[in-house]
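This report concerns only the one structure given below.
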Amino acid sequence: MTKNKITKKIVCGNWKMNPRSLKEAEKLFNDTAKHISDIKKTEIVACPPFLYLEKLKKLSKKIILGAQDDFPGDVGAFTGEVSAEMLYNLGVRYVILGHSERRTLGESNLDINKKIKSSLAMGLKPILCVGERERNDNHDYFNLIKMQLEEALEGVSKTSAAKIIIAYEPIWAISSTKNRKDATPKDSSEMTIFIRRVLFDKFGPDAGRIRILYGGSANPRDAEDFLKDGGVDGLLVGRASLDAKKFSQIVKICEALNK
Ligand code: PGA
């Protein structure tokens, strides 16, 4: 494989703290799997809450499982935490790290950096979320994204680059944000050009293998525009991933655009 070849496009569902019961989680997962059974070229990932992972693992091979967080380090006295190794041993292959909802709870770039390194060491592929809370006319938010990337990826080797995914999620466009606004494919494309430059400065040509996703109220209506004009290799989908039909429509749109 050449250094700058992107592998498959990817659509990843972030279920957040949903749904209420294992029964509902199984239904959502099974329904999604049914709708996407003929998908071949798109990687499909679902990130449910930890406690549903084991059961869902047995229901579909087509949907790869991801976690929404993990904890750096080995087994030990870390009450309430789940390690990257435990997740890997369960069959999980991706982990969302640095999501804005976790940063709001106090997670720092340094915390995220530790999680990224231990996840990579255990075989999990990190989906590193970056994004600004708001935009202003002097474009400070580019510096913020640069800092989020540089600090979170500090010490990560070039050989790991291909295993990393970056999700650009402007917080002001996420469905859970009060008075949210729609981001446009142009907003995404400007930022992904910038992100690719930061990644190139760090990883050199290996940066070409890092996939970048857009996240922020992605839905079947705008998925095609973001995938075509947003400069991205896929989507990180929150609310719409809780609806099997909507999520699979997004996957199918991505599949149709996959060459
Ligand atoms: P949303 O969530 O699609 O509901 O905006 C995206 C995310 O927060 O990962």
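Quick rundown of the values:
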| item | result |
| --- | --- |
| Top-ranked residue of region 175-194 - restricted to ones that are surrounded by 20 or more Cβ atoms within 10 Å (Cβ to Cβ) and hydrophobic (A, V, I, L, M, F, W, C), ranked as nearest to the ligand (Cβ to nearest atom) | Ala183 |
| Condition check for Asp182: among the charged types (D, E, K, R), touching a helix residue (DSSP H, G or I) at 6+ places or on another chain (Cβ under 7 Å) and closer than 21 Å to His139 by Cβ | yes |
| Flag for Leu235 being among the hydrophobic types (A, V, I, L, M, F, W, C) and either part of a loop (DSSP other than H, G, I, E, B) or more than 23 Å from Lys114 (Cβ to Cβ) (or both) | yes |
| Helices (runs of 4 or more DSSP H) contained in region 75-145 and holding at least 1 residues in contact with a helix residue (DSSP H, G or I) (Cβ under 6 Å, 6 or more places away or on another chain), farther than 16 Å from Gly215 by Cα and within 16 Å of the ligand (Cβ to nearest atom) | 109-122 |
| Residue count, region 51-74 (criterion: of a type in the set (S, T, N, Q) and either touching a Cys at 6+ places or on another chain (Cβ under 7 Å) or in a strand (DSSP E or B) (or both)) | 1 |
| Residue match in region 243-251 (condition: more than 10 Å from the ligand (Cβ to nearest atom), at pLDDT 95 or above, among the polar types (S, T, N, Q) and within 24 Å of Leu65 (Cα to Cα)) | yes |
| Residue count, region 148-169 (criterion: surrounded by 13 or more Cβ atoms within 10 Å (Cβ to Cβ) and part of a helix (DSSP H, G or I)) | 10 |
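The values are calculated or read from the model by the stated rules, or taken from the named source; none is laboratory data. All figures in this text were calculated on a predicted structure; none of them were measured in a lab. Counting neighbours? That spans all protein chains shown, and the Cβs are built from the backbone with ideal geometry, glycine included.
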